[in-house]
Amino acid sequence: MVHTGGVAERTVGRELVAVHAQQQQFDETIARDQRIEPRDWMPDGYRSTLVRQIAQHAHSEIIGMQPEGEWITRAPSLRRKAILYAKVQDEAGHGLYLYSAAETLGADRADLTLRLIEGRQKYSSIFNYPTPTFADVGVIGWFVDGAAICNQVPLCRCSYGPYARAMVRICKEESFHQRQGYELLLTMMRGTEAQRRMVQGAVDRWWWPSLMMFGPPDGDSPNSVRSMAWKIKRHSNDELRQRFVDMTVPQAQRLGVTLPDPELRWNGERGRHDFGTPDWSELQRVISGDGPCNEERIARRRAAHQEGAWVREAATAYAAKQAARQGERQKQEVAA
Amino acid sequence: MTTNADTEARDAWPLFEVFVRGKRGLNHVHVGSLHAADERMALTNARDLYTRRNEGVSIWVVRSSHIHASTPSEKDPFFAPSGDKVYRHPTFYEIPDDVPHI
């Protein structure tokens with residue numbers, strides 16, 4: 001019995017040494033700023049952090065189709081309809097690139113969809129706000145896609161290869177999203193007084209939720225430090241939020257709208273803008289499910305999934321039938 | 001709320017890897033993956049997903065299960081045979097500076 005225990009201990013010992021060597025190789029790859037690829041050894045925490053982050057990101061793209069998608073049938077011109085349709089289709093595409101990246105880590109796509117519609121995985125809080133006017137479509141492009149660009153450009157250098165590559169594709173397309181939004185708003189600002197008021201109203205609604213997109217302040221973001229050590233995340237939440245403010249202020253001036261923050265002003269000493277504090281309790285409420293549209297968004301996604309079940313079933317049946325027929329033909333050819 | 005049919009459909013849709021030729025004269029390059037019921041559906045979905053902005057003139061789709069890969073490690077002995085053959089590189093050979101065009 002003692003002997004058996006010794007063998008087991010030696011086996012465990014060898015495995016520990018092997019894991020140690022793998023960990024060292026992983027750390028060196030990260031330190032050299034090289035990419036981790038799907039079949040490389042990686043710490044369990046690195047894998048699960050990435051799966052969670054990529055899945056949330058993918059879900060955000062998919063749920064993000066809804067707030068603007070509601071305006072496709074009501075777009076004011078064929079031009080705007082075509083643009084909006086292309087944009088919403090891009091969001092679907094971004095979701096799929098990201099699900100594809102999550103799958104390289106061993107996640108199952110259908111399982112991720114289930115986790116979303118059962119409320120077990122989250123998506124960005126921003127998509128739980130309503131879009132009551134067409135100006136909201138423009139402001140989403142300008143603010144929300146602008147904030148997404150701030151977040152996503154550094155992710156193009158993320159240490160996990162498939163995620164970084166997906167982000168490169170997404171960032172290229174995101175630029176169109178932001179520009180079409182800003183152009184839409186410029187057009188409305190050249191219109192009637194009512195249209196200008198509509199734009200200002202949408203700016204007032206979306207400004208603070210957009211700042212919240214970057215997540216809680218650095219002091220309250222416990223996972224950030226580890227993600228930055230792993231080079232999944234390259235900049236802190238507060239730094240990215242600051243970049244977004246600095247980028248957006250001159251755009252707002254050019255557009256002729258007021259950002260709804262009395263504390264917003266240029267700080268010559270820092271060379272950056274000072275700005276007020278978002279209502280973090282609101283972010284907590286929206287994240288935990290109590291935003292204006294949380295239930296509606298998930299209900300819509302669930303319905304789409306269920307209503308599409310017969311299509312998936314039919315496509316599977318068709319593929320099986322075609323494969324069987326081809327098998328028959330090959331058998332006949334062999335026999336002949 | 002998952003139906004039986006849904007579970008079956010999910011299990012039955014294989015994963016495909018997608019390769020796109022950006023333009024004539026270039027190789028097909030791996031761009032990502034997608035699920036589809038069969039090859040034809042994989043091709044049309046790949047077109048819609050990976051070439052919305054003229055990114056390709058040709059697409060290959062391959063069932064992921066049909067791909068065979070070497071192990072990923074950089075110290076993989078699989079690649080050892082080419083590691084010690086410096087004489088396969090032009091810089092291995094010393095040629096005097098006054099010899100032109102070589």
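The values are calculated or read from the model by the stated rules, or taken from the named source; none is laboratory data. These numbers were taken from a predicted model, which means no experiment stands behind them. For neighbour counting, all protein chains shown are included, and Cβ atoms are generated from backbone atoms with ideal geometry for every residue, glycine included. Side chains included, ligands, DNA and RNA excluded: accessible areas come from the protein's heavy atoms. Shrake-Rupley method; radii C 1.70, N 1.55, O 1.52, S 1.80 Å.
If you check A:Gly181, A:Gly191, which single one turns out to be open to solvent by 10 Å² or more (accessible area, probe 1.4 Å) and either away from chain B (no Cβ under 14 Å) or part of a helix (DSSP H, G or I) (or both)?
Every option except A:Gly191 fails the conditions.
Can you confirm whether A:Arg265 is within 30 Å of B:Asp38 (Cβ to Cβ), without any contact (Cβ under 8 Å) to a residue 60 or more places away in the chain, away from chain B (no Cβ under 14 Å) and open to solvent by 40 Å² or more (accessible area, probe 1.4 Å)?
no
Listed residues B:Val18, B:Val29; which is at pLDDT 95 or above and open to solvent by 40 Å² or more (accessible area, probe 1.4 Å)?
None of the other options fit; the residue is B:Val29.
A:Val257 passes all but one of (1) open to solvent by 40 Å² or more (accessible area, probe 1.4 Å); (2) at pLDDT 95 or above; which number fails?
(1)
List every residue pair whose Cβ atoms lie under 7 Å apart, where the two residues are 6 or more positions apart in sequence or sit on different chains, the first residue falls within the range A:153-170 and is of a type in the set (Lys, Arg), and the second residue, located anywhere, is buried (at least 22 other Cβ atoms within 10 Å of the Cβ).
From the range A:153-170, the pairs are A:Arg169/A:Tyr97.
For the range B:54-63, check the following and say yes or no: at least one residue is within 12 Å of chain A (Cβ to nearest Cβ) and either modelled with pLDDT under 95 or over 20 Å from the mean Cα position of the chain (by Cα) (or both).
Within the range B:54-63, one or more residues are within 12 Å of chain A (Cβ to nearest Cβ) and either modelled with pLDDT under 95 or over 20 Å from the mean Cα position of the chain (by Cα) (or both).
Across the range A:33-74, what is the number of residues that are closer than 29 Å to A:Ala147 by Cα, assigned to a loop (DSSP other than H, G, I, E, B) and open to solvent by 20 Å² or more (accessible area, probe 1.4 Å)?
So the count comes out to 10.
Against the condition exposed (fewer than 14 other Cβ atoms within 10 Å of the Cβ) and within 30 Å of A:Pro43 (Cα to Cα), how does A:Pro222 come out, does it pass?
For A:Pro222, the condition - exposed (fewer than 14 other Cβ atoms within 10 Å of the Cβ) and within 30 Å of A:Pro43 (Cα to Cα) - is met.
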